[in-house]
1. Quickly run through segment 47-69 and pick out the residues that are in contact with a helix residue (DSSP H, G or I) (Cβ under 9 Å, 6 or more places away or on another chain) and either over 13 Å from Leu36 (Cβ atoms) or part of a helix (DSSP H, G or I) (or both).
2. For segment 23-47, give me the residue count where each residue is over 15 Å from the mean Cα position of the chain (by Cα), among the basic types (Lys, Arg) and surrounded by 10 or more Cβ atoms within 10 Å (Cβ to Cβ).
3. Yes or no: Leu77 more than 12 Å from the chain's Cα centre (by Cα), part of a loop (DSSP other than H, G, I, E, B), surrounded by 10 or more Cβ atoms within 10 Å (Cβ to Cβ) and not β-branched (Val, Ile, Thr)?
Amino acid sequence: MLEPVQRFCCLVVCAREARVAAEYFELRVYGTLYVLLEAYKRNVFKSKVEVRSIVDDMLSKGFYLSTEVYARFLFLLEEVK
């Protein structure tokens, strides 16, 4: 029988069912805002203004965030060096 192999893997999905399945298999689950922050940290985006603009555009198209989560995201974005 083959031994399980642990390795880093990343899968980006946008579905509640996928989140539930990932949690069932004890996989780390990250949301959209986390992915955007990490991308900014890795210089995928040129400026914080660009990242904020992307989130604002998502919100204008129906993406839901509570005001608390949005405020926390903006705080964390500003904290990134």
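Read-outs throughout are calculated quantities, based only on the coordinates presented, and are distinct from any laboratory measurement. Since the structure is predicted, the reported quantities are computational estimates derived from the model, not experimental observations. Here the Cβ positions follow ideal geometry from the backbone for every residue, glycine too, while neighbour counts run over all protein chains shown.
1. Quick first cut of segment 47-69, residues in contact with a helix residue (DSSP H, G or I) (Cβ under 9 Å, 6 or more places away or on another chain) only: 47-48, 50-52, 54-55, 58-59, 63, 65, 69.
Lys48, Glu50, Val51, Arg52, Ile54, Val55, Met58, Leu59, Val69 - these are the residues of segment 47-69 that are in contact with a helix residue (DSSP H, G or I) (Cβ under 9 Å, 6 or more places away or on another chain) and either over 13 Å from Leu36 (Cβ atoms) or part of a helix (DSSP H, G or I) (or both).
2. The number of residues fulfilling the criteria is 0.
3. Numbers: more than 12 Å from the chain's Cα centre (by Cα): yes; part of a loop (DSSP other than H, G, I, E, B): no; surrounded by 10 or more Cβ atoms within 10 Å (Cβ to Cβ): yes; not β-branched (Val, Ile, Thr): yes.
No.
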